[in-house]
Amino acid sequence: MIKIINLTKSFNKTPILSGISLEVANGITTVIIGPSGCGKTVLLKHIVGLLRPDSGKVFVDDFEVSSLYGVQLFKLRRHIGVVFQGAALLDSLTVAENITLGLREQSKKTPVAELNRIVKEKLALVRLEGVENKLPSELSGGMKKRVAIARALAMEPEYILYDEPTTGLDPITARKIDELICELQNKLKITTVAVTHDLASTYKIANKIAMLNKGKIVFEGTAEELKKNKDIEIYKFIRGREYE
Ligand SMILES: Nc1ncnc2c1ncn2[C@@H]1O[C@H](COP(=O)(O)OP(=O)(O)OP(=O)(O)O)[C@@H](O)[C@H]1O
Ligand SMILES: [Mg+2]
């Protein structure tokens, strides 16, 4: 389970997260929504120890992420696959090399045949085959996203975190990525956290929704509960217009 307790974070004295507490249950998909710039990526980075809280704690299973350094942090990251905003593939590496990047960092001795097997298996999981030797520049946005997901799955993590998985994709490709996220969650029973401002995507993939606004969690519940919520800020966000 991921447990965030009273997390605060400021940059240059500007508070971004002002006392966030959130529990992410295992085996389901939790989606964190909120307007652009509200701190979704900052929150996600605290879960993998890429940022450290000013105060508060983040737990992933028995790890207290906020207190880990070096080798311990490295060990934690084996449990968490991250699909970064954009896709963040390395342009000079092939698809296969991108997918095995983390694996090769974690263990220098994995035989090439085993790496090749993993690449094939993960590409099949994301429904993208025969692109092992292509460079990211030869792929479409949707394909790059699939490769980024395959890379996140390469270490067989218990958790997968998606940062804006559908942003920048056309609506049809975006819905296909949503379907893939659902399918992987069902098939692998992997605990999934996505942060996004795409509501269509949220309604498609979320078992639970949390909304972040002005440094606080302002809503936790289901899609149905979100749609019924009468809070003005939430109303405006989910309908994209002023309260009528
Ligand atoms: N390393 C950093 N140093 C200084 N400010 C930062 C840093 N990282 C994020 N910020 C600031 O924190 C705020 C929240 O950023 P964040 O990237 O988390 O937003 P977001 O909710 O992910 O937005 P989007 O939906 O556009 O991706 C922004 O004002 C950003 O400029
Ligand atoms: Mg972001």
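Table: residues versus (1) away from ligand 1 (no atom under 12 Å from the Cβ); (2) farther than 15 Å from Ile2 by Cα.
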position: Thr29; (1), (2): yes, no
position: Ile33; (1), (2): no, yes
position: Gly39; (1), (2): no, yes
position: Ile47; (1), (2): yes, no
position: Leu51; (1), (2): no, yes
position: Ser66; (1), (2): yes, no
position: Gly70; (1), (2): yes, yes
Within the stretch 27-46, track down each residue that is away from ligand 2 (no atom under 11 Å from the Cβ) and either farther than 20 Å from Phe63 by Cβ or β-branched (Val, Ile, Thr) (or both). Ile28, Thr29, Thr30, Val31, Ile33
Which is on the phi < 0 side of the Ramachandran plot, buried (at least 22 other Cβ atoms within 10 Å of the Cβ) and either away from ligand 2 (no atom under 13 Å from the Cβ) or without any contact (Cβ under 8 Å) to a residue 12 or more places away in the chain (or both), of Thr8, Thr14, Thr100, Thr94? Thr100
Within the stretch 66-79, is there a residue that is modelled with pLDDT under 95, assigned to a loop (DSSP other than H, G, I, E, B) and crowded, with 18+ Cβ neighbours inside 10 Å? yes
From the options Ala200, Ala206, residue that is in contact (Cβ under 8 Å) with a residue 40 or more places away in the chain and away from ligand 2 (no atom under 16 Å from the Cβ): Ala206
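I need the strands (runs of 3 or more DSSP E) fully contained in the stretch 150-225, keeping only those with at least 3 residues that are within 13 Å of the chain's Cα centre (by Cα). Give the steps one after another, and end with the answer.
Numbers: elements: 159-163, 191-196, 208-213, 216-221.
Ranges flagged: 159-163, 191-196.
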Exclusive hit being within 16 Å of ligand 2 (Cβ to nearest atom) and either touching a Cys at 6+ places or on another chain (Cβ under 9 Å) or in a loop (DSSP other than H, G, I, E, B) (or both), set Gly86, Gly49: Gly86
Of all residues being in contact (Cβ under 8 Å) with a residue 60 or more places away in the chain and surrounded by fewer than 20 Cβ atoms within 10 Å (Cβ to Cβ) in the stretch 167-186, which is nearest to ligand 2 (Cβ to nearest atom)? Just the residue, please. Thr167
Mind checking whether some residue in the stretch 53-64 is in contact with a helix residue (DSSP H, G or I) (Cβ under 6 Å, 6 or more places away or on another chain), more than 12 Å from ligand 1 (Cβ to nearest atom), assigned to a loop (DSSP other than H, G, I, E, B) and touching a residue at least 40 places away in the same chain (Cβ under 8 Å)? yes
Please verify whether Leu73 is under 18 Å from the mean Cα position of the chain (by Cα) and of a type in the set (A, V, I, L, M), treating the condition exactly as stated. yes
One residue is enough: does the stretch 32-42 have a residue meeting the conditions in a helix (DSSP H, G or I), at pLDDT 95 or above, among the hydrophobic types (A, V, I, L, M, F, W, C) and not assigned by TED's automatic domain parsing to the domain that holds Leu135? yes
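The values are calculated or read from the model by the stated rules, or taken from the named source; none is laboratory data. Computed from a prediction, not measured in an experiment: that's the story for all the values here. Every residue, glycine among them, receives a Cβ derived from its backbone with ideal geometry; neighbour counts consider all protein chains shown.
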